[in-house]
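Have a look at the structure below, then the notes.
The values are calculated or read from the model by the stated rules, or taken from the named source; none is laboratory data. In this text the structure is predicted, and so the values were computed from the model without any measurement. A quick note on method: Cβ atoms are made from the backbone with ideal geometry, for glycine too, and the neighbour counts reach across all protein chains shown. Side chains are part of the model used for accessible areas, which takes the heavy atoms of the whole protein and leaves out ligands, DNA and RNA. Shrake-Rupley method; radii C 1.70, N 1.55, O 1.52, S 1.80 Å.
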Amino acid sequence: MADFLIRRGNLRDTSWTETPAAPLADGQARLKVDAFALTANNVTYATFGEAMGYWSFFPAADPAFGRVPVWGFATVTESKAEGVAPGARVYGYLPVSEQFDVSPIRVSAASFMDGAAHRQGLAPIYNTYIFNAADPSYDPAFEAQQMLFRPLFTTGWMIDDCLMETGADIPETVVISSASSKTALALAHCLKQRGAVEAIGLTSPANKAFVEASGLYARTTTYDEVDSLHARGLTAYVDFLGRPALTADVHHALKDRLVRSLVIGVTDWEGNRAPVEAPGPQPEFFFVPTYAAERAKALGADELNARTGKSLAGFYAASSKYLTPEHQKGRAAIETAWRQTLDAKVSPSTGLILNF
């Protein structure tokens, strides 16, 4: 089977390798990767691969390389695991590989988890595979949107929930960097549904027109205009860019209006991430699996899933106004898509869907 490998110390150094498929052991299943989305979120996985354990999900034979995780659909082709039948189709965390093996545990009609030894101790949200046939959020008409947005929308929803439902100071304004990124769009959508909070998008001059046309933000400001940034009432800053110098500028501009500052991702993955001293609240790193587990305890898992599922279904249809899935096929296309994503050369109005 073919695996797309990325050198962990140099994300532009990539290669393909062929790995012979070994006979399945009892309790294992083999999945063929059908299709997956590639976004800036996957670059974040690679950038934080060492610190956050993302390389551990799909290790490569050579530890200098890794297989970056992606979200998509796969079909069971062989199985020696009870309850996981050949032909079953699942959604979940995949490697950029033609196929991969799992060791299903906690198998139910709805899902299973990969109990492989190397995935022990990793966040359950990343180890769970959901059967399409039993997934209330699955809609064949929106498969592309599910691959592109489901995990990113969940992040956006959780940030919205954290700011608006659990904080001591509820903001009237939320400033969002990398406003054209898909997770930022999901957050802005959730905030807009509330009606009482204003979202301000920070973006590059090249993406300003797209951000404005999305209709999700009350105002759009370019990064070089942050010094003149103003906001209404108590304000939160959500950083998807990962540029501490910009965070400092936002903190200085908003002064005592700023009550929360959340760090989410690094769309500027090659930028200088050295900390910069800034006034106001200490920036908090927001890790979705941890927050989601806390909310599941507080609300109950069923209630949390019902809330996110209802909001997600509405977002799939709404996203068609500003994003068009683009399907590409083959190894060369996958490699090109990775490099374009690294270099931020993919139009914000395009969602890359890839397969072999």
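Which residue pairs have Cβ atoms closer than 6 Å, lie 6 or more positions apart in sequence or on different chains, and pair a first residue in segment 242-261 that is within 10 Å of residue 227 (Cα to Cα) with a second residue that is open to solvent by less than 10 Å² (accessible area, probe 1.4 Å) and among the hydroxyl-bearing types (Ser, Thr, Tyr)?
250/237; 254/235
Consider residue 29 carefully, then state whether it is in contact with a Ser or Thr (Cβ under 9 Å, 6 or more places away or on another chain) and buried (at least 20 other Cβ atoms within 10 Å of the Cβ).
yes
Please find, within segment 155-188, the residue that is surrounded by the fewest Cβ atoms within 10 Å (Cβ to Cβ) out of those that are assigned to a helix (DSSP H, G or I) and touching a Ser or Thr at 6+ places or on another chain (Cβ under 6 Å).
The extreme case among them is 157.
Checking residue 45 against (1) open to solvent by less than 30 Å² (accessible area, probe 1.4 Å); (2) within 24 Å of residue 144 (Cβ to Cβ); (3) out of contact with any Pro (no Cβ under 7 Å at 6 or more places or on another chain), which test does it fail?
Going through (1) open to solvent by less than 30 Å² (accessible area, probe 1.4 Å); (2) within 24 Å of residue 144 (Cβ to Cβ); (3) out of contact with any Pro (no Cβ under 7 Å at 6 or more places or on another chain) one by one, residue 45 breaks only (3).
When you look at residue 191, is it open to solvent by 20 Å² or more (accessible area, probe 1.4 Å) and either modelled with pLDDT of 95 or more or not polar (S, T, N, Q) (or both), yes or no?
Against the criterion (open to solvent by 20 Å² or more (accessible area, probe 1.4 Å) and either modelled with pLDDT of 95 or more or not polar (S, T, N, Q) (or both)), residue 191 does not qualify.
Among the residues of segment 331-356 satisfying the criterion of being open to solvent by 50 Å² or more (accessible area, probe 1.4 Å) and of a type in the set (D, E, K, R), which is farthest from residue 46 (Cα to Cα)?
Among them, the one singled out is 331.
Against the condition on the phi < 0 side of the Ramachandran plot, free of Cβ contacts under 8 Å to residues at least 40 places away in the same chain, assigned to a helix (DSSP H, G or I) and open to solvent by less than 10 Å² (accessible area, probe 1.4 Å), how does residue 206 come out, does it pass?
no
Among the numbered criteria (1) in a helix (DSSP H, G or I); (2) farther than 30 Å from residue 61 by Cα, which single criterion is violated by residue 137?
Here residue 137 meets the rest and fails (1).
Any idea which of 153, 65 is of a type in the set (A, V, I, L, M, F, W, C) and under 19 Å from the mean Cα position of the chain (by Cα)?
Unique residue meeting the criteria: 153.
From the list 89, 119, which residue is among the basic types (Lys, Arg), modelled with pLDDT under 95 and surrounded by fewer than 22 Cβ atoms within 10 Å (Cβ to Cβ)?
119
Residue 300 versus (1) farther than 30 Å from residue 99 by Cβ; (2) of a type in the set (Gly, Ala, Ser); (3) modelled with pLDDT under 90: which is the lone unmet condition?
(3)
Please enumerate the residues belonging to segment 222-269 that are under 20 Å from residue 182 (Cβ atoms) and of a type in the set (Ser, Thr, Tyr).
Result: 222, 223, 237, 267.
Considering only segment 100-112, I want to know if a residue exists there that is out of contact with any Ser or Thr (no Cβ under 7 Å at 6 or more places or on another chain), of a type in the set (Gly, Ala, Ser) and open to solvent by 60 Å² or more (accessible area, probe 1.4 Å).
Yes - at least one qualifying residue is present in segment 100-112.
The rows are residues; the columns are (1) of a type outside the set (Ser, Thr, Tyr); (2) closer than 30 Å to residue 326 by Cβ; (3) assigned to a helix (DSSP H, G or I).
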| residue | (1), (2), (3) |
| --- | --- |
| 11 | yes, yes, no |
| 35 | yes, yes, no |
| 41 | yes, yes, yes |
| 77 | no, yes, no |
| 92 | yes, yes, no |
